Amino acid sequence: MNEKAYWVSEINRYIKHIFDSDFALGRIWIKGEISNCKYHTSGHIYFTLKDKSGQISCVMFAAHRAGLNFKLQDGQSVMAQGNISIYERDGKYQLYAREIRLDGAGLLYEKFLQLKTELEEEGLFAGEYKQPIPKYAKKVGIVTAVTGAAIHDIQNISTRRNPYIKLYLYPAKVQGEGAAATIVRGIEVLDSMNMDVIIVGRGGGSIEDLWAFNEEEVARAIFNCNTPIISAVGHETDVTIADFVADLRAPTPSAAAELAVCDIREIFAQMDEYKQLLLQLMNQKIKLKRNYLEQIKLRLEYGNPKSKIQQKRQRLLDIEDRLELLMRQNVQQNRYRLAVYAERMRGLSPLRKLSQGYAFVANEEGKTINSIKQVEKGQKLFISVTDGNLEATIDKIEKQER
């Protein structure tokens, strides 16, 4: 067997020499979508470029990263420039990138990032410049396309939440050439009409579709507007420069309508709550005042001379009733005692004695004669009996022996 065999490393070195010798592969631009992007701790960036039917491994060494002004991310469309060569150890060819640019939508995104950085540094996104959205707006201006779904969504939700709201539409071009200028004009016109709030927006779309809202002139018109502005551009995942400058960002036009227009049903419900609360507080206040008046009334009645007179009159009446009772009791007791004494006196009465056969004898001077020593013969005496008086003369005096 006379065939010569080569080592793997020899073959890889040979192929590498072929790649390095090819002028076309020495400075080539390749377009594709980034995937499997990894930032190594060494500073190198490893990634893959792919399209619908193929892929190629890529690396950008740390020495070449100085010219990269954006962060590589999976899904980005880019154009990478460098040379294609073999990595001898693995026998794999790859692109050694020296420059990377965003491609197509990527270029717009790069422009977006650049303008965003400039305006942010200038202060257009600063919170201190944000105006509060009025809670009870009466006039709402809208800058959007007259035929788009956005105006219909805003109108339906606004009138449902508050049928008394006034909506003012400035029909703007929201896509393509001249769109930014009409949006700026719409903002200026509605701002001069003393709106309570202005909604600026459109439905979702690609970065190309939404680009008018990434223009610097639109951003400055929003910033210089005296009326609070709600941006409503695209869907939740779509963010534009207008969203950063606006006083408030809504993810959709429908959400913007909900933020701009108060729900009148909530107002009525709140009014009912306030009404009930006021009635409750009024009733409590009236009750407290009524109790206070009752206390004052009692104090006045207690300190009123008329009241005192009434009290003393009542007291006198009570005393009178008590005295009358005591008098009746005293009279009754005295009557009883009198009856007892009368009965006793009746037993001692001279008349009673006389009625029993006794008589009362007195001389001419009216002195009682109770002894024979007080009289003499021929003396005139007066004798009282129960039914009359007798006049007699003493004929005989006889002493009674005991």
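The values are calculated or read from the model by the stated rules, or taken from the named source; none is laboratory data. All figures in this text were calculated on a predicted structure; none of them were measured in a lab. FYI the Cβ positions are ideal-geometry reconstructions off the backbone, even for glycines, and counts take in every protein chain you see. Note: areas computed on protein heavy atoms with side chains; ligands, DNA, RNA excluded. Shrake-Rupley method; radii C 1.70, N 1.55, O 1.52, S 1.80 Å.
Of the candidates ASN12, ASN36, ASN69, the single residue that is out of contact with any Pro (no Cβ under 9 Å at 6 or more places or on another chain) and either more than 21 Å from ILE86 (Cα to Cα) or among the small types (Gly, Ala, Ser) (or both) is ASN69.
Every residue, every condition in (1) open to solvent by 20 Å² or more (accessible area, probe 1.4 Å); (2) farther than 27 Å from GLY127 by Cβ; (3) in contact with a Cys (Cβ under 6 Å, 6 or more places away or on another chain); (4) hydroxyl-bearing (Ser, Thr, Tyr), yes or no:
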| position | (1), (2), (3), (4) |
| --- | --- |
| SER231 | no, no, no, yes |
| ASP243 | no, no, no, no |
| ALA246 | no, no, no, no |
| ALA250 | no, no, no, no |
| SER254 | yes, no, no, yes |
| VAL261 | no, no, no, no |
| PHE268 | yes, yes, no, no |
| TYR274 | yes, yes, no, yes |
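Within region 165-192, the set of residues being within 19 Å of ARG220 (Cα to Cα) and among the hydroxyl-bearing types (Ser, Thr, Tyr) comprises TYR170, THR182, SER192.
Out of the residues in region 121-141 meeting the condition of being of a type in the set (D, E, K, R) and surrounded by 11 or more Cβ atoms within 10 Å (Cβ to Cβ), tell me which one is farthest from GLY201 (Cα to Cα). Once the filter is applied, the top-ranked residue is GLU122.
Scanning region 187-205 for residues that are among the β-branched types (Val, Ile, Thr) and closer than 17 Å to GLN175 by Cα yields ILE187, ILE199, VAL200.
Taking region 183-206 as the range and being surrounded by fewer than 17 Cβ atoms within 10 Å (Cβ to Cβ) and over 23 Å from SER158 (Cα atoms) as the test, the residues that pass are ARG185, GLY205, SER206. If you check LEU95, LEU72, LEU25 for being open to solvent by less than 80 Å² (accessible area, probe 1.4 Å), assigned to a loop (DSSP other than H, G, I, E, B) and not polar (S, T, N, Q), only one passes: LEU72. In region 207-226, of all residues being open to solvent by less than 10 Å² (accessible area, probe 1.4 Å) and of a type in the set (Val, Ile, Thr), the one that is nearest to the chain's Cα centre (by Cα) corresponds to ILE222. Restricting region 142-173 to residues that are touching a Ser or Thr at 6+ places or on another chain (Cβ under 7 Å) and either closer than 14 Å to ILE264 by Cβ or part of a strand (DSSP E or B) (or both), the residue that is most open to solvent (accessible area, probe 1.4 Å) is LEU167. Of all residue pairs spaced 6 or more apart or on separate chains, none has beta-carbon atoms under 6 Å together with a first member in region 259-287 that is without any contact (Cβ under 8 Å) to a residue 24 or more places away in the chain and on the phi > 0 side of the Ramachandran plot and a second member that is among the basic types (Lys, Arg) and loosely packed, with under 10 Cβ neighbours inside 10 Å.
Taking LYS287 as the residue in question, decide whether it is in a helix (DSSP H, G or I) and at pLDDT below 85.
For LYS287, the condition - in a helix (DSSP H, G or I) and at pLDDT below 85 - is not met.
Just to be sure, is GLN332 at pLDDT 90 or above and more than 30 Å from GLN131 (Cα to Cα)?
Details: at pLDDT 90 or above: no; more than 30 Å from GLN131 (Cα to Cα): yes.
When the stated conditions are applied, GLN332 does not pass them.
Of the residues that make up region 126-138, is at least one assigned to a helix (DSSP H, G or I) and of a type outside the set (Ser, Thr, Tyr)? Checked region 126-138: at least one residue is assigned to a helix (DSSP H, G or I) and of a type outside the set (Ser, Thr, Tyr).
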